[in-house]
1. If packing is taken as the mean number of other Cβ atoms within 10 Å per residue, what is the order of B:71-84, A:28-41, highest first?
2. Stokes-Einstein at 20 °C, 1.002 mPa s, Kirkwood radius from Cα pairs: D for chain B in µm² s⁻¹?
3. Within 10 Å of each Cβ in peptide B:340-346, how many partner chain Cβ atoms are there on average? Round it to a whole number, please.
4. Roughly speaking, what is the centre-to-centre gap between the range B:478-538 and the range A:117-160 when only Cα atoms are used, to the nearest Å?
5. Taking every DSSP beta bridge with both residues inside chain B, roughly what % is antiparallel (nearest 5)?
6. Evaluate E = 1/(1 + (r/R0)^6) for B:GLU580 and B:ALA465, where r is the Cβ-Cβ distance and R0 equals 51 Å; express this FRET efficiency to the nearest 0.05.
7. Which lysines, if any, have their Cα less than 29 Å from the Cα of B:LYS183, not counting same-chain residues under 8 positions apart?
8. Between B:GLU275 and B:LEU518, 0.36 nm times their residue separation minus their Cα-Cα distance comes to what?
Amino acid sequence: MEDAVTNYPLTVLIAGMGGQGVVLAGDTLAEAALLAGLNVKKSEIHGLSRRFGSVSCQVRIGRDLYSPLRGHGGVSTILSFEGYEGLKHLPFLQTDGVALMNRLWSKPGALTPAEATAPSCVNDKRIEWFEGTALTHQAECPRSLNFFMLGVLSARLSIDAGAWHEALENLLSKRSLDVNREMFSAGRRVAAAHVAALTGRPAPAVSAPRAVPRPALIKHRVTEQPVGTAANGVG
Amino acid sequence: MSRSRLLLSGNQAVARGAMEAGVMVATAYPGTPCTEILESLSTYSSVKAMWSTNEKVAYEVALGAAFAGARAMVSMKHVGLNVAADPLFSSVYTGINGGLVVVVGDDPSANSSQNEQDSRHYARAAKLPMLEASDSQEAYELMKHAFDMSERFDTPVLMRMTTRLCHSKTVVNIGEPPAVPPKATGFVRDFDKYVLLPRQAIQRHAIIENRLEALAEFSDDSAYNRMELRDRSLGIITSGVPYCYAREAFPNASVLKLAQTYPLPKDLIHKFAAEVERILIIEELDPFLEEQIKAMGIKVHGKEWIPRVGELTPERILHSVEKLSPQPQEKGDTTIAARAPRICAGCQYLGVYTAIARLGVRVTGDIGCYTLGSLEPWNAIDSVVCMGASIGTALGMEKALGEESHGKVLAIIGDGTLLHSGITSLMDLVYNQGHCTVLIMDNSTTAMTGLQGHPGNGTTAKGLAGPGVNIEKLVQAIGVEWIRVANPYDLEQTESILREALAHPGPSVVISRAPCLLLKPKTLVQQAHLKEEACTGCGECFKVGCVAIERQDLGGKIAPKINLDLCVGCTLCVQTCPEEALAPKAVTPELVEIRQWKMPLPITPLPY
């Protein structure tokens, strides 16, 4: 998936755990696509999300859209905030799709100690790993992981930066806008560098993060991710 | 914001459509998938939006408003319509005055429900017209259509939704609110219409049958029932969200898309059948359309291919039809465990279930967050059926098992559920001299569906505060003589009160009271800390089942590891530790400040 615009309609499945902001990330993606003049359909499963259950949503973008969701083999991109949730949804991914996964493991059924065995699908070639949890923890705003990962996704979509930033402004409160915009831009930079390394072409032009007054708690800037290191595979 | 092109969920679209159609009174009982309908309506100043005590009451309030000449609506989930079925059936007989639209949300795949019922059968059983939308734009338009239809034919109209429609967001081109605020036209006495004595009921029945014929003809001409002719070798008859799946799966097929699915547009269906070679009916759950169309003498394919169980997707439909045999439900990677929902860290239920697990009694459960007590590690609930069922089933068990069950049957129910439909069963328990104990867990809100108000806390849908029901006095007035209030954060006290209650001959009630932490978060003053050398790895603290208690291997013993991002300092785990290895420790104000920014998330070390 080099240039999403040639691949419309595009189906993105966002997966995570209750509390990680899956639904808000999906809403932001849908709003950005809408502002970019595209047709959008979004559907979500969130009945028990507040209780640490699984949460997922699908956002479909394109001109002629019918179904608000696709089944197995029908999703072009998975954006996952947690490892197991991402792996669980791999059957939904098209054979030529891509799974952009945050490296965080939270074992389902936390009553048992984490086992040292990985599900076999962890080595699926379609998965690309990102250190979203580590980077957002480092920046002392782990709650912005969803926007970091949305930034990662944004580098793959032909929705212009203006639409993204307008969507962020429309959906976020004043209090959380600056931090989340910062993490979104960080994710976008990390992913753009990643795409450039994979394709051997220069990174597409991505708007520089705006200079924003940072809340006192945000102490560290997210540094650019060296490409080809641990971010690319399972460590 | 004055945008006219909005991304709305099906729920929001229904609310918007109703508001623009001039709905004046709207009632509901919260329940996934359609809780957000009333929540959206409550934001419009022109709508009197109310949470009701239960769905039957909600229906009756809306019906009364319609009698008085206002446009009214009532919304509920599928199992709620079972509760409201009594007034539903009879209101079809009385008819309405102002328009009345009944919105019901089915839950194919039972994402957050106790069954997977197909509420479309209600339309046929109760003899009222039914509409189904396939996306938010159509849901928005159909609400206006439904009110017009309701008034034109003097009948309530059923608007049937599904989780997929309720929770999907699609683009809606909205219109304007009514130019003048809606107003009721007034009630005019009409004995033969509104008073259902047997003689009147028989007369009204005849009117209903004629009305259904007229509605079928109306359906034939409805612009919302649409024939889309493309490739004639395959014709699909479908409605609701399955229309979208059908278009996705068979983009070239001809489609008859039905919005009015009861009574069916018979002429239109015959016309469509004459245009295409083969007909496939694509519908979720039961063969509701299929059976009726087969009864019209038309040869169709349907449920021999399309699954009856679970929600459809374009892929499931394609799979089923291509293989010409029913497919098992899609499953993800089965090597990865499902992520079960958990009770929040520090919730009062943790204390209650830890205590109950020590009692060794039969526990009949009810519907709410507390249903999760049926899971590991407590396994504290033995049956869950429907709203309010705990007390009745406990009484039945006790009567069947006789004296040996005395002191061994406990019913547990939340405050919201008690008021919804548990209170009548509690009366029954007293009246029939049962020997059960009822534990009322009062968290002062409807927690599971998202903190809606209810008569117990007195907060209305519009956010007004009221006095709230006094549960102790209510229970006392019913005739329960043994009533105690327990503090669920005191394990010993809770356990001993429960033991006392169970030992009491006759009905006894224990009220465990603490506000829901989502409603009123605990001020963080302390957190649990482990003294590693004192821990023997006995595992008592794990029996609390708190998400903040993770496991770690300390030199061969499995010890607790407190996740400080989650711990609220309730001390329940501290109380279970026989070695005093867990102790509360005061937190610094800086940590409190930082934690407001931290995502509460259980993070375990990398497994590989």
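The values are calculated or read from the model by the stated rules, or taken from the named source; none is laboratory data. Note that the structure is predicted; figures quoted are calculated from it, not measured. When we count neighbours, we look across all protein chains shown, and the Cβ atoms used for this are built from the backbone with ideal geometry, even at glycine. Quick note on the areas: whole protein, heavy atoms, side chains included, nothing else; ligands and nucleic acids left out. Shrake-Rupley method; radii C 1.70, N 1.55, O 1.52, S 1.80 Å.
1. Descending mean neighbour count gives B:71-84, A:28-41.
2. On the way: Rh = 26.8 Å.
Taking Rh from Cα pairs, D becomes 80 µm²/s.
3. The mean count of partner-chain Cβ atoms within 10 Å per residue comes to 5.
4. What the calculation gives is 41 Å, centre to centre.
5. Values: 22 of 77 bridges.
Approximately 30 percent, going by the DSSP bridge assignments.
6. 0.75
7. Of all the lysines, those that pass the test against B:LYS183 - Cα under 29 Å, at least 8 places apart if same chain - are B:LYS48, B:LYS56, B:LYS77, B:LYS127, B:LYS144, B:LYS193, B:LYS462.
8. Stretched out fully, the B:GLU275 to B:LEU518 stretch lengthens by 81.8 nm.
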